[in-house]
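For reference, the structure discussed in these notes is given below.
The values are calculated or read from the model by the stated rules, or taken from the named source; none is laboratory data. Not measured: the values here are computed from a predicted model. When we count neighbours, we look across all protein chains shown, and the Cβ atoms used for this are built from the backbone with ideal geometry, even at glycine.
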Amino acid sequence: MQIKVKELEKFVVTLILFAMFFILDAVFRIREYDEKGVDFQVVIKFILFSFGLLLGVRYVLVSGVSGFIARCFGAISLLVFFSLTSAYSPEWMYSIYVSVTYFSFFIFVFYALSVLEVLSVLSILVRAIFLFLVISVYLYIFDPDLGRFVFWNNGILEPSWRMSGLAGSANNFARIAALGIMVVIFNWKYFKKNFSKLYFNSFLILSIGCVFMSGSRTTILFSFFSIVVFFYLQLESRSKIYTLLLTVLGSLVAYISSDLLLSIISRDSSEDLSSFTGRDVIWGISIDLIYDSLIWGYGLGSSVFLLPDFSDLLGFAPSHAHNMYLQVMLNGGVVSLCIFILLTASTLFKLKVKKENQFFCYMIFILLVGLFESGAFALSANIFTLLYFLCCCVANGVGQNKFEKLT
């Protein structure tokens, strides 16, 4: 009887985890920018994180609250502080909603890793991404208004050739596809063994094609870099030296031919690259805002209410800072940035010591993309938020696939 209960629990966790991975970045309809009301997609996500929160809290209460806090003190500190910033946020109800989504997904990831093996969690992620990409390709071909990236230009939605699929944003879509590629490559033998040849090859071809169709140069570059770092960490010492020399040589060649490379990857005669596709202006405005509330910030998710005030200057209304570190400071000032840096540095160190190379590289990917996107802490939780929490949990020894007392 107890075995059946555990199997049922694994099934429920698998189902919810799959839904989380699939629906986190899904956009089923394009909302007007100033539309902040509740619609069906908000309701679906609310129900999902409510289930996750209830199951996660139940597990922690049964297993030991003190053990949970001891293992995940850094992540809990960041989430608690984010919640406290709701008290002075421009829209405190919205900030509370965002903070609850963060804590909900964090505690459910913690719970899921205590029920399932880490590789099982990653397998669920890959399957969710595969379905996400298949539907996205369908939308790109048959429903371009939803499947292709559109951007706000002086209050007008303009379409582009870039694939955004279900993500609503080409950059968000790219990191989902790139993450799928990384997970499969980092666990090549496992997926070759547990996926059929057709499924395996179809996933790789589809995900690689989707990354390039997104046109997200940042994601393409940093996912490739993270994969290189992963293989570098797997090498023996002598091979690492040769690889490092080849990397230096390749960097010199790239520098010498930089003008040619810039003309190839640029969308606008290198002008978009020099301004980081307009991000430099957003960063400047964000920095000015941060200086005005340097210590405590403006509250979690406040950027969606602050930055649109500068839409006349920018030509569009950004919802976040397009930089994870600036976004964290807008959320909670220097205090939140310090907690975030300590948590991230501690996680990286633990992952390196434990030789969890793939999770170390996932963190590198998140941190590098975070230079140009708000990443794991934009507004409500996204796929990077879950991945960041997953890395934190693995670093702290969660994921032993057994029901144990945490105290």
The correct count of residues that are in a loop (DSSP other than H, G, I, E, B) and modelled with pLDDT of 90 or more in segment 303-334 is 1
Sort out which residues of segment 58-83 are buried (at least 16 other Cβ atoms within 10 Å of the Cβ), over 24 Å from LEU348 (Cα atoms) and either under 23 Å from the mean Cα position of the chain (by Cα) or free of Cβ contacts under 8 Å to residues at least 24 places away in the same chain (or both), and write them in order of number.
SER83
Tell me whether segment 345-358 contains one or more residues that are under 17 Å from the mean Cα position of the chain (by Cα), in contact (Cβ under 8 Å) with a residue 12 or more places away in the chain and farther than 21 Å from ALA70 by Cβ.
yes
Search segment 166-208 for residues being assigned to a helix (DSSP H, G or I) and touching a strand residue (DSSP E or B) at 6+ places or on another chain (Cβ under 8 Å), and hand back the single one that is farthest from HIS322 (Cα to Cα).
PHE173
For segment 364-384, name all the residues that are surrounded by fewer than 22 Cβ atoms within 10 Å (Cβ to Cβ), out of contact with any Phe, Trp or Tyr (no Cβ under 6 Å at 6 or more places or on another chain) and farther than 19 Å from PHE305 by Cα.
ILE364, LEU367, LEU371, PHE372
Listed by first then second residue, the pairs whose first member lies in segment 105-131 and is at pLDDT below 95, whose partner is of a type in the set (Asp, Glu), with beta carbons under 8 Å and at least 6 positions apart or on separate chains, are SER114/GLU404; VAL115/GLU9
Determine which single condition LEU53 fails, assuming it passes every other condition in (1) outside any helix (DSSP H, G or I); (2) crowded, with 18+ Cβ neighbours inside 10 Å.
(1)
Does LEU379 satisfy the condition of being in a loop (DSSP other than H, G, I, E, B), at pLDDT below 95 and in contact with a His (Cβ under 8 Å, 6 or more places away or on another chain)?
yes
